[in-house]
Amino acid sequence: MIMKITQYKFPDRNIFYAGESVTFRLVCGQEIPAAFVRTTIGHAETLRQEIIRHAETGDPRDDLAWHDLAMSRTGDGFELTIPLLEVGVFEAKCWCRTRDGMRWPEGGNFFLKVESAENAASSPIYCAFVRQFGAAKPEVDPEKLAELDRLGYTVIPPSGTFRDVKRQLDRIFQTLQCRIIQLLPIHPVPTVYGRMGRYGSPFASLDYFAVDPSLAEFDPKSTPLEQVVELVDAVHA
């Protein structure tokens, strides 16, 4: 019988502040004698030096920042709480020792970014690319797309809208705890398929005093500019 091993991280987020702690939990069978967290947490200086050396010389990194921390048995698994005292980007993954050797749970590593404690009360900015909001964009057959290109047609994928962004404000402000929203340019752009892709670059503005109508929902009672005002009012609220 194959034993299922599952790892968890509490709290389940990726951004922390120095002075907080993170708890790793590994759920497995009672017969597991020992479990560990393999991580780079606590070795920020080693990580930095390896990154600098790799950038300056091109030599591969030695990954000397990785080390194992023993977990404590708790009920149906193991648990370990680690204080986050250094600023940096770290990785971690649980593993356990069995009679057959080392066993890893399914899934990738946990990633953690630890900010300085001074940033905890600052105003993080969320940069919103309106086009990418809304429902998942449909896939287009590459062969049909190439044929339309050859015939001179311009195929523009469906765009997200200001109201799609508005629907995500609770997540942006409450879950992600951002305080400022920055919109990438919302002006009309060329619709010619060029080097910047099918949408064109959002920075290739045709009119700085107009709003791209593709970023607004069709509404006979509300212009694209009025829908921008709706979003601004919702953000301030």
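The values are calculated or read from the model by the stated rules, or taken from the named source; none is laboratory data. Remember, predicted model here, so these are calculated numbers, not experimental data. With ideal geometry, Cβ positions are generated from the backbone for all residues, glycine too; neighbour counts draw on all protein chains shown. Heavy atoms of the whole protein, side chains included, go into the accessibility calculation; ligands, DNA and RNA do not. Shrake-Rupley method; radii C 1.70, N 1.55, O 1.52, S 1.80 Å.
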Hey, can you find the accessible area per residue of the chain for me, probe 1.4 Å, expressed in square angstrom? 64
Only Lys, Arg (+1) and Asp, Glu (-1) charged, at Cβ; the chain dipole about Cα centre in debye: 380
Take a quick pass over the chain and tell me how many lysine pairs come in under 29 angstrom between Cα atoms, counting only ones 8 or more apart or on separate chains. 9
Everything considered on the Cα gyration tensor (a ≥ b ≥ c; rounded for a/c under 1.5, else prolate if a/b is larger than b/c, else oblate), the stretch 100-237 must be described as oblate
Express the carbon and sulfur contribution to the solvent-accessible surface of the chain as a percent, rounded to the nearest whole number, probe 1.4 angstrom. 56
Where the centre of each part is set by its Cα atoms, how far does the stretch 93-122 sit from the stretch 1-57, in angstrom? 2
If amide hydrogens are placed 1.01 Å from N in the peptide plane, which non-local residues have theirs closer than 5 Å to the one on Val22? Ile82, Leu84
Ranking request for peptides 85-97, 104-116: highest mean number of other beta-carbon atoms within 10 Å first, then the rest in descending order. 85-97, 104-116
Heavy-atom accessible area of Leu225, protein chains in place, probe 1.4 angstrom, given in Å² to nearest 10, is 110
Can you give the FRET efficiency for Glu143 and Ala204, using 1/(1 + (r/R0)^6), R0 = 22 Å, r = Cβ-Cβ distance, to the nearest 0.05? 0.20
Here are labelled values, [x] 66, 37, 23; [y] 66, 46, 46; [z] 66, 41, 31, and one is the computed Cα extents along the principal axes in Å for what I pasted. Which one? [y]
If I take every Cα pair under 8 Å that is 6 or more residues apart in the stretch 68-117, average their sequence separation and divide by the length, what percent do I get for the relative contact order? 34
